[in-house]
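Take a look at the structure set out below.
The values are calculated or read from the model by the stated rules, or taken from the named source; none is laboratory data. Just so you know, these numbers come straight off a predicted model, no measurement behind them. For neighbour counting, all protein chains shown are included, and Cβ atoms are generated from backbone atoms with ideal geometry for every residue, glycine included. Just the protein is used for accessible areas: all its heavy atoms, side chains included, with ligands, DNA and RNA removed. Shrake-Rupley method; radii C 1.70, N 1.55, O 1.52, S 1.80 Å.
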Amino acid sequence: CKHFLSLDNIDLVRIQATDRLGIDLRVQIGEFTDEYRIGFRHSASSSEDAKSEIMKLFQEAWERENGIYFTDSLPPILKYAEDILRRK
């Protein structure tokens, strides 16, 4: 979350769903909860491919944490739900 979503001080992250195109995350920061979609760089055609793509996301996050960037672009990211109690 720190590197892909540019979020800090996260209390809880949970993978809600996984499909052939990406993963859905529920992220809790304090009292607020938001949901995000992080897409895979390549679509998966089997459960093994999906596991591999998830591991690639974790690997990329680790590399970014350690200052290693093989590309400047991030995987596709979409924030699709926001806590309604958040003040704008």
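Table: residues versus (1) over 13 Å from Pro75 (Cα atoms); (2) under 10 Å from the mean Cα position of the chain (by Cα).
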{"residue": "Phe4", "(1), (2)": "no, yes"}
{"residue": "Val13", "(1), (2)": "yes, yes"}
{"residue": "Gln16", "(1), (2)": "yes, no"}
{"residue": "Ile23", "(1), (2)": "no, yes"}
{"residue": "Phe32", "(1), (2)": "yes, no"}
{"residue": "Arg41", "(1), (2)": "no, no"}
{"residue": "Ser46", "(1), (2)": "yes, no"}
{"residue": "Ala50", "(1), (2)": "yes, no"}
{"residue": "Leu57", "(1), (2)": "no, yes"}
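Anything in the range 57-88 that is out of contact with any strand residue (DSSP E or B) (no Cβ under 7 Å at 6 or more places or on another chain) and among the aromatic types (Phe, Trp, Tyr)? List them, or say none. Within the range 57-88, Phe58, Trp62, Tyr69, Phe70 meet the criteria. Please go through the range 1-42 and pick out each residue that is in contact (Cβ under 8 Å) with a residue 40 or more places away in the chain, open to solvent by 40 Å² or more (accessible area, probe 1.4 Å) and assigned to a loop (DSSP other than H, G, I, E, B). Result: Lys2, His3, Glu31. Please name all residue pairs, on different chains or six or more residues apart, with Cβ atoms under 9 Å, provided the first residue is in the range 43-55 and is closer than 14 Å to Leu21 by Cβ and open to solvent by 30 Å² or more (accessible area, probe 1.4 Å) and the second residue is part of a loop (DSSP other than H, G, I, E, B) and among the charged types (D, E, K, R). Partner pairs satisfying both residue conditions: Ser43/Arg20; Ser45/Arg20; Ser46/Arg20; Asp49/Arg20. Quickly run through the range 56-88 and pick out the residues that are within 18 Å of Val13 (Cα to Cα), in contact (Cβ under 8 Å) with a residue 24 or more places away in the chain and either among the aromatic types (Phe, Trp, Tyr) or touching a His at 6+ places or on another chain (Cβ under 6 Å) (or both). Within the range 56-88, Ala61, Tyr80 qualify. Would you please name the residue that is nearest to the chain's Cα centre (by Cα), looking only at residues in the range 59-80 that are among the hydroxyl-bearing types (Ser, Thr, Tyr) and open to solvent by less than 90 Å² (accessible area, probe 1.4 Å)? By that ranking, first place goes to Ser73.
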